[in-house]
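Visitor: I'd like to ask some things about the structure below.
Values in this text are rule-based calculations from the coordinates and carry no lab data. Worth saying up front: this structure is predicted, and the values here are computed from it rather than measured. Using ideal geometry, Cβ is built from the backbone for each residue, glycine included, and neighbour counts are taken over all protein chains shown.
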Amino acid sequence: MDYKILVKVYQDIGSTTKRLEKTEILAKFLKKLKKEELKLQKEQLKFLKEMEYLQNESNKINVLLNIGMSQDDENEPVVHAQ
């Protein structure tokens with residue numbers, strides 16, 4: 001993709017406050033994209049969603065570790081010896 005075109009689209013969208021004009025600008029741009037570019041965009045979006053999922057799972061694991069639980073005994077309360 002020629003990034004000059006993408007910059008122009010962003011500038012055009014930013015130069016208007018009218019929602020319909022923004023939609024028209026974006027629609028014209030998307031129609032011009034080649035199928036291969038759309039496929040690449042779709043693959044990149046899928047990758048980003050997978051990365052977000054992995055980040056969320058990592059955060060869950062960190063929370064479990066921080067409260068003293070392992071994944072194996074996730075549903076069991078933590079008992080500390082006195």
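Visitor: Tell me, how many Å apart are the Cα centres for the stretch 1-20 and for the stretch 38-56?
Guide: Here the two parts' Cα centres lie 24 Å apart.
Visitor: Once you put a point 7 Å from the Cα of Lys42 and another 7 Å from the Cα of Val7, both along the Cβ direction, what distance in nm separates them?
Guide: About 3.0 nm, to one decimal.
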